[in-house]
Amino acid sequence: MTVLRTVDLTKKFGDFAALDKVNIEVGEGEVYGFIGPNGSGKSTTLRVLLGILKATEGRAEIFGKDSWKDAVEIHKRVAYVPGEVSLWPNLTGGEVIDLLVKLRGGNSSHRREELIQKFDLDPSKKCRTYSKGNRQKVALIAALSSDVDLYILDEPTSGLDPLMERTFQEYIIEEKKQGKSILLSSHILSEVEKLCDKVAIIREGKIIETGSLKDLRHLTGTILLVETKKPILDLANVRGVSGIQPKGNAVSFQVDSGEVAYVISYISQFEIVRIESSPPTLEQLFMRHYEVSDKTSGIGAGGEA
Amino acid sequence: MNRHLIEGTGTLIRFILRRDRLRLPIWIASFIAISVIVAIAFAGLYQTNAERIAIAETMQNPAVIAMLGPGYGYGLENYPIGAITAHEMLLMTAIVVGLMNILLMIRHTRTDEEDGRIEMVRSLPVGRLSNLLSVLVVLTGVNVLLALLLGFSLTVLGIEGMGLEGSLLYGSALGASGMIFAGVAAISAQLSSNARSTLGFAFTVLLAAYIIRVIGDLRNEALSWFSPLSWVLRTEVYVNNYWWPILLTVSVALVLMGIALYLNSIRDLGSGFIPSRSGKDKASKTLLSSFGLVFRLQRTGFIIWGIGLLVIGVIYGSLFGELETYFDEIDLMQQMVILVEGFSLTEQFIPLLMSIIAILSTIPVLMSILKIKTEEKNDRLEHLISRAVSRNRLMGSYLAMSILTGFVMLTLSSIGLGVMGNIVMEESLSLGTYYSSAMVYFPAILMMIGIAVLLFGWAAKWTGLVWLYLASAFFIVYMGSLFQFEDWVEKLTPFGYVTRIPIEEMDYWSAAIMVVLAIGFIAIGMIGFNRRDIGK
């Protein structure tokens, strides 16, 4: 069952198209990773989904309802953590958590104390004194202690330390086990790889790749690490080979899925000593899109390179 | 001073001037424009000595002294126009100059520090005192420039009785009071650890300076010496042209600035001398709704404004006793005030006081409704909008708070006025009279709220215009009697349509029309707010 989807979602600020026909779809019980560099449209998409911004064209739906018109109804079952958490400087963290949980209109703060302890937050301090990470914890605790069906998280771990990051991941895995759906925007690729069933890659307002991690890897092909007695001649010009990187005596490169047989037969003439194959990591997938797009568009990708 | 403490000050000064390249000229130009316009207008209105002496007579009443400070030069054979202009304008302008200095000082000290910008600057090869010092230098320069430009501008008008020395002294009095409050704000910024309470602290000092002066000028002259706002009035510009008050004010200002620099040098970045307390780790029941949040965020301001307006009411009320005797004694005054049969002079004075009180009450009302804009700008509306809070409920919470504010402010000030007035007067009026003379302004306040909501819904960038509108309303009321405006000028703002209770018959029609218009504006504003994006 589809929990959340956008159909040809377009958002323009003046003439600038921040989103250009974005299509994503999150099913029930899925963790959906939404990745892309800064300014690519991740936050804009999430804000349209939450009815904070109004779509210029296309549709955005959650639980089958229109995310602009039925915002209030939808929000009773959604928890959101914004990318930049800005809090009221003269309220304490504890007060903000209680307020945010209550304003959802839904039930339960049964996990409040446990979460505060796990995330190691001092709730009696004024928000003014919190660091970025602590402000993020406040928003995360408020989100996780609500009983909802869908979590929309915008780079929730960007200010957390590695220990807290792990705590966060444990909670996400637990929520997933309970059949909750999660839309997770991130540029920490290892995190997405660990948590997500499906991934969409967005760049300059356009979705450039979407599907399960397995599909993406399959589509992209295989990473080969090869050590040969003779140096491999002219590897860069072999059909289907990209991303060549020397690794000590060996060389690593990516092979398009349709060309594996051909490439293996080509390199075997240089007397293979060792060969390892592995699926591409998300980072390799990601970087490949940038390299390709950079060549075609000629515009710097910026961001996380 | 060690060089390493002030390294980079020059660069920072240029940086501040770059950041404020529009802000500073606009402030200075506004002061000059208003002073020049008023000076020209007064010169045109009171051309003969007889006219000037006549207006001077009307200025010698306790209400005017409370509001503007004591006049001077009344015994002179030829009463100069400059004395009228200075009496009417100097104190009020000095307060606004003080306000400008406070706002600019905090903008470049605590606000920058709170937002982490000073940390970035301090990580560069820049001295520990450089930031504060550069702001102090810039503001001192602004005040000196203001003094000189204002002095020369008033001189070149060539108005008889407003010569070079007097005009320069007039400008210097304003510049000197500006420096005092730059110093006050600089110290506040060291004491408190956040911009909000720094602002509160500095404003409190400004308000206290005004109130001490009021009480001092009316009751006990020695007390006036504790208020810097009194000092500048002692210059007796255009009559005696005393320069020593300027010397005194500037010296004290320099001492304050020195203290601020010292405090700045011994504290850690990001901290203040008044420690921030920790709070509750759980929210109280009253916080847990969108209105609860709105109320909680505005509570402190609400209480302070409430006390302030109560005090203003009490101060005005305390004048009534003296007014009575004063009016009895001076026949001329009775000719000046338009007599309405069957009403005492005090009763005729109430509407004028109320119009000023109502406009003052509108300030916290507009601050309250416009908080929603600050919240939006700081990305905090998202927290509410992304939860089960509709835009109507959100806006409604702010509306409720601002309407409540207007109601409470009018109530408190009229009770203060009435109770105190009845204590000091021989013949008392019913409290109901006072109360209705204040409440009759409620529809006008609703109109101002309506205009604010309308702007916020459809043109959030321009919501600041509502302040300009309120300022012009104040200007029209404040200057109305002296400028003798045409009737239509008064009708430019909602405050011109309010019945003058108790001397006029209640005009229910205009009140009803204002309420209906206000509701219409609010509704249209809400439609706009429901249709637009939330965010910066």
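The values are calculated or read from the model by the stated rules, or taken from the named source; none is laboratory data. All values derive from a computational prediction rather than experimental measurement. We place every Cβ from the backbone using ideal geometry, glycine too, and count neighbours over all the protein chains shown.
When the residues of the stretch B:261-275 are narrowed to those that are among the polar types (S, T, N, Q) and surrounded by fewer than 17 Cβ atoms within 10 Å (Cβ to Cβ), which ends up farthest from the other protein chains (Cβ to nearest Cβ)?
Among those that are among the polar types (S, T, N, Q) and surrounded by fewer than 17 Cβ atoms within 10 Å (Cβ to Cβ), it is B:SER265.
Please work out which one of (1) away from chain A (no Cβ under 14 Å); (2) surrounded by 20 or more Cβ atoms within 10 Å (Cβ to Cβ); (3) basic (Lys, Arg) is the condition B:ARG110 fails and give its number.
Just one mismatch for B:ARG110, condition (1).
Yes or no, residue by residue, for (1) modelled with pLDDT under 95; (2) in a helix (DSSP H, G or I); (3) more than 10 Å from chain B (Cβ to nearest Cβ):
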| position | (1), (2), (3) |
| --- | --- |
| A:PRO37 | yes, no, yes |
| A:THR45 | no, yes, yes |
| A:ILE52 | yes, no, no |
| A:LYS69 | yes, no, yes |
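Need at least 2 residues that are surrounded by 18 or more Cβ atoms within 10 Å (Cβ to Cβ) per element, so show me which helices (runs of 4 or more DSSP H) inside the stretch B:425-533 make the cut, counting only ones lying wholly within it.
Qualifying helices (runs of 4 or more DSSP H): B:431-439, B:442-458, B:465-483, B:508-531.
I need the full set of residues from the stretch B:458-516 which are of a type in the set (Lys, Arg) and within 30 Å of B:ALA54 (Cβ to Cβ), in order please.
Taking the stretch B:458-516 and keeping what is of a type in the set (Lys, Arg), we get B:461, B:491, B:500.
Within the stretch B:458-516, B:LYS491, B:ARG500 meet the criteria.
For the stretch B:451-504, enumerate the residues that are at pLDDT below 90 and of a type in the set (Lys, Arg).
B:LYS491, B:ARG500
Just one of (1) aromatic (Phe, Trp, Tyr); (2) at pLDDT below 95; (3) farther than 21 Å from B:VAL294 by Cα trips up A:TYR32, so point out which.
It fails just one condition, (2).
Filter the stretch B:276-297 down to residues that are over 31 Å from the mean Cα position of the chain (by Cα) and among the charged types (D, E, K, R) and give me whichever is nearest to the other protein chains (Cβ to nearest Cβ).
Top of the filtered list is B:ASP281.
Residues that are closer than 28 Å to B:THR249 by Cβ: find the helices (runs of 4 or more DSSP H) completely inside the stretch B:41-133 holding 1 or more of those.
Details: elements: B:49-59, B:62-68, B:81-108, B:110-114, B:117-122.
Filter on the stretch B:41-133 gives B:49-59, B:62-68, B:81-108, B:110-114.
Just a yes or no: is a residue in the stretch B:18-39 in contact with a helix residue (DSSP H, G or I) (Cβ under 7 Å, 6 or more places away or on another chain), buried (at least 17 other Cβ atoms within 10 Å of the Cβ) and in a loop (DSSP other than H, G, I, E, B)?
no
Do we find that A:LYS137 is over 30 Å from A:LEU285 (Cβ atoms), away from chain B (no Cβ under 13 Å) and buried (at least 23 other Cβ atoms within 10 Å of the Cβ) in this structure?
yes
Could you grab me the full set of residues in the stretch B:373-432 that are acidic (Asp, Glu) and away from chain A (no Cβ under 14 Å)?
B:GLU426, B:GLU427
Select from the stretch B:252-275 the residues that are under 28 Å from the mean Cα position of the chain (by Cα), aliphatic (A, V, I, L, M) and under 21 Å from A:SER131 (Cα atoms) and list them in ascending order.
B:ILE274
Taking the stated definitions as given, is B:LEU206 over 16 Å from B:GLY69 (Cβ atoms), part of a helix (DSSP H, G or I) and not polar (S, T, N, Q)?
No: the conditions fail for B:LEU206.
Identify all residues within the stretch A:78-134 that are at the interface with chain B (Cβ under 7 Å from one of its Cβ atoms), touching a helix residue (DSSP H, G or I) at 6+ places or on another chain (Cβ under 9 Å), closer than 20 Å to A:THR157 by Cα and of a type in the set (S, T, N, Q); write none if there are none.
A:SER86
Given (1) within 12 Å of chain B (Cβ to nearest Cβ); (2) part of a strand (DSSP E or B); (3) at positive phi, identify the lone condition not met by A:GLY58.
Result: A:GLY58 passes all but (1).
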